[in-house]
1. Show the residue pairs meeting these rules: Cβ distance below 8 Å; 6+ apart or different chains; first residue within segment 27-43 and farther than 15 Å from residue 14 by Cα; second residue modelled with pLDDT of 85 or more and crowded, with 17+ Cβ neighbours inside 10 Å.
2. Can you run down the residue pairs with Cβ atoms below 9 Å, 6 or more apart or on separate chains, where the first is in segment 513-539 and outside the structural domain of residue 603 (by TED's automatic domain parsing) and of a type in the set (Val, Ile, Thr) and the partner is exposed (fewer than 14 other Cβ atoms within 10 Å of the Cβ) and part of a strand (DSSP E or B)?
3. With the requirement that a residue be in a helix (DSSP H, G or I) and small (Gly, Ala, Ser), what does segment 170-228 give you?
4. Answer yes or no: is there a residue in segment 523-533 that is closer than 27 Å to residue 587 by Cα and within 34 Å of the chain's Cα centre (by Cα).
5. Mind counting the residues in segment 551-592 that are in contact (Cβ under 8 Å) with a residue 60 or more places away in the chain, of a type in the set (A, V, I, L, M, F, W, C) and in contact with a Ser or Thr (Cβ under 9 Å, 6 or more places away or on another chain)?
6. Can you tell me how many residues in segment 217-229 are in contact with a helix residue (DSSP H, G or I) (Cβ under 6 Å, 6 or more places away or on another chain) and either among the basic types (Lys, Arg) or within 14 Å of residue 154 (Cα to Cα) (or both)?
7. Taking strands (runs of 3 or more DSSP E) that do not extend beyond segment 473-563, which have at least 3 residues that are buried (at least 18 other Cβ atoms within 10 Å of the Cβ)?
8. How many residues are of a type outside the set (A, V, I, L, M), over 19 Å from residue 361 (Cα atoms) and surrounded by 16 or more Cβ atoms within 10 Å (Cβ to Cβ) when one looks only at segment 324-343?
Amino acid sequence: MTPERWKQVSRIFNKAISLDGEERTAFVADECGVDQSLRSEVEKLIAAHSNASAEKFIGGMAAEAAAPLLLNDDDLEPSPKVLTEGQQVGTYYEILQALGAGGMGEVYLARDSRLGRTVALKVLTPEISRDERRMQRFRQEAKVASSLNQPNILTVFEFGEVDGLTFLATEFVDGETLRDHLRPKPLKLGEIIDIGIQVLAALDAAHEAHIVHRDMKPENVMIRHRDHVVKVLDFGLAKVAEKSPSKAEASEAATAFKTAPGTIVGTIKYLSPEQARGDEVDERTDIWSTGVMMYEMVAGAVPFSGATSSHTIVQILEKDPVPLSKLGNAPPELERIVEKAMVKNPEERYQTAKDMLIDLRSLKKRMDVEVEIQRTASHTTSIAANRTEEFDPRKKRVLLVALIGMAIVTAAIFGINMWRASRARSIASVAPPTASAPVSERTLTYWITVQKFRDKKPFQEPFTIPREMIFEEDYQIRLSFSSPQAGHLYILNEGPVATSAPEFNVVFPSSTANKGSSLIAAGQVMQIPEASWLKFDAQQGTEKLWLIFSEDVVPELESLKEFANPQTQGLITDPVRNKLVQDFLKADSETKASVEKGERITTLKSPGKLLVHAIKLEHH
């Protein structure tokens, strides 16, 4: 293609992408006339533009990026960059390097001198700045993205105009897209669930603001290298849920593949059935697309993929995907969650991102506990086996007696030999074993879930920690416990005030938890409280949460659950019984439990039938 031909293609292309649907098709047909070669080149460029979400400013691709599809390397000179390294943009931004080109401009790594941070700075081309329609879409995206403040959503810092340039400053994510992350090797199950949880946390925040993303796919999910934090990008196609779409907007998804047949499969694979039909969409369309992404992460392939865009649409509307259990090592609960996210009828799908998020978090919690319990049980079994092998020499004794007996048989007469052998066997049968049986051990694991509150309402997403931390005034917590052994669990709270007679509150057992019983089964996960949160004492200091885990019922503690009622709020009001608890803890906490702090949970171990441990909760 010659430069003159490229200018002709570029002129038609730039005008065409400002039009929609049939209007665009008619314009291209009119401009190209009978020149089918010209029309093919323009449509190829439009298809590449659409496939890369060109109308989305943060992640879009440019016509310049698609030019290699049409041109030889020698046909065009490289276009000069709008900005150069070291150049100042406005008062605060210094360009560090170019990152790439987008459908509406160029992206640079820049330094914000106000806070000394690096940002991604995207600068619109003058052509775009003069196009009021595309500027309106850009302003919409900037407005939508900047209104969302959540750790898993790309942060927009500023939108402005200076020296004739229009720019958008966002956080710079040093990472890779989920699409690139999937390429080297299959992801582990835990990582898949973690990515799903973070994506849903982002969508939950957007949906709470009544914003629907409408284009969830691996290309719009970034994973930061240093900590694997997920960032959802590109709210350029996002719509406010209450706003009814225009007829053109409603049919955009359904007609896109007709405009450029066979070329935008990458996006179509993640369309919900309602998008494919051109119906109105709401938050549930993002849930469908997230389910498709999770299916792909587990199975290594998308659930719907045809030879052409039309075939893919038919599969989305009519076919059921192959169950994950036949394609990968997915637990039944994960298969259920993904299948529910991809129910074709939106009314039968997850109704909110939060619902799906809760199910995924519960699954992750169970998996973490099962792994830790298996690790603990394996470790305990190994120790017991080693002890038995080390301290039980009975096998060696039997072998030695047999050898001696054979020597006696060959050295003495039959009668004497029989007499000695009989005597040796008699002695061996009554000889006590020289090794004692392994000492029993109690094992208990726990982890803490923290919820921040603001104005007495939950603020941000709850997070899980394996150990103690310094808690702020507006924090509330929930504790979870499990053990590979059955036993009786008692939990008492000792307030932060140091007095001669400390006060104790009964936390567990209570009439509202575990059916009032202190007995927990092996492998049972106990969440305390079951449906609310533990609030810290109004006075600052360090509270103690005493954990008592016993093989047998502890009479001194069993009857204390009568104080766990709304009137006393768990406070042991009887001074005599309060003193009994104090004496019990003082006597039995002298044998300290060993503490193993893992990445997600803490494991306590204590020899014998009783484990006593105090969790120290410091709060301001």
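The values are calculated or read from the model by the stated rules, or taken from the named source; none is laboratory data. All values derive from a computational prediction rather than experimental measurement. Backbone-built Cβ (ideal geometry, glycine too); neighbour counts: all protein chains shown.
1. none
2. Close Cβ pairs (under 9 Å, with a partner that is exposed (fewer than 14 other Cβ atoms within 10 Å of the Cβ) and part of a strand (DSSP E or B)) do not exist here.
3. Within segment 170-228, 190, 196, 201, 202, 205, 206 qualify.
4. Yes: one or more hits.
5. Of the residues in segment 551-592, 3 are in contact (Cβ under 8 Å) with a residue 60 or more places away in the chain, of a type in the set (A, V, I, L, M, F, W, C) and in contact with a Ser or Thr (Cβ under 9 Å, 6 or more places away or on another chain).
6. Residues that pass the stated criteria total 3.
7. Those strands (runs of 3 or more DSSP E) span 475-482, 487-494, 504-508, 541-550.
8. Count: 1.
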